[in-house]
Amino acid sequence: DPAQHDDHLIGRPAMIVASTIGTRPAGLLLAGSGLVLTAFVWGAAIPFTSTLLRSFDATLLPALRFLIAAPVLVLLTVGLEKRWPFAAPLPWFRVLLLGGSMAAFATCYTIGISRSDPVTAAILFTGGPIIAALMAKVMYRTPCEPGLGVAVLRAVGGRVFRRTCASA
């Protein structure tokens, strides 16, 4: 089970999600609704970021996003878990490594959107799940899903189509 491999990386939240949702119809509806909402929010992130870049610098915007999100996520965790989310002692090396990686991703993501148009950025990010599947295969020896080849063809085809339409 791939979720077992993640437990040592993300700890308790993985177990909470698995035990909370379960296989009950209400849990599946909640999970499906959450994923659909996430897809809408994620899909809207590129055009919203593009719009925000008219008013903010590409290196300042990711910092503002994290400064707003961090307290909200801590409060949400405290409200849902009824406990302080930070275990003592914190593994500072891992915290700094993860934080630095997230900051680098958010900054590169925002700079990428600022230097291209939103449609091209969205098409490029369709490769994310493919990269995630390949990383899971390498890191955890998780077998690739049968439809991965089709996904690769669709992602590459979308990029080629976009380039062809842009040059026409």
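The values are calculated or read from the model by the stated rules, or taken from the named source; none is laboratory data. All of these numbers come straight from a predicted model, not from anything done at the bench. All Cβ positions, even for glycine, are placed from backbone atoms using ideal geometry, and neighbour counts span all protein chains on display. Quick note on the areas: whole protein, heavy atoms, side chains included, nothing else; ligands and nucleic acids left out. Shrake-Rupley method; radii C 1.70, N 1.55, O 1.52, S 1.80 Å.
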Legend entry - Cβ-Cβ under 8 Å pairs, at least 6 apart or on other chains, region 83-106 side open to solvent by 100 Å² or more (accessible area, probe 1.4 Å), far side of a type outside the set (Phe, Trp, Tyr) and in a helix (DSSP H, G or I): Trp84/Val78
Legend entry - Pairs, first in contact (Cβ under 8 Å) with a residue 60 or more places away in the chain in region 129-153, second among the hydroxyl-bearing types (Ser, Thr, Tyr), C-beta under 9 Å, six or more apart: Ala136/Thr142
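Filter region 136-153 for residues that are at pLDDT below 85 and within 20 Å of the chain's Cα centre (by Cα) and give the result.
Cys144, Glu145, Leu148, Ala151, Val152
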Inset, instruction - Those residues that are among the aliphatic types (A, V, I, L, M), modelled with pLDDT of 90 or more and closer than 23 Å to Ala103 by Cβ, I need them from region 1-60; list them, please. - result: Leu52, Leu53, Ala58, Leu60
Legend entry - Exclusive hit being free of Cβ contacts under 8 Å to residues at least 40 places away in the same chain and within 15 Å of the chain's Cα centre (by Cα), set Ala70, Ala44: Ala44
Legend entry - Scan of region 25-56 for residues that are outside any helix (DSSP H, G or I) and open to solvent by 90 Å² or more (accessible area, probe 1.4 Å), ordered by number: Arg54, Ser55
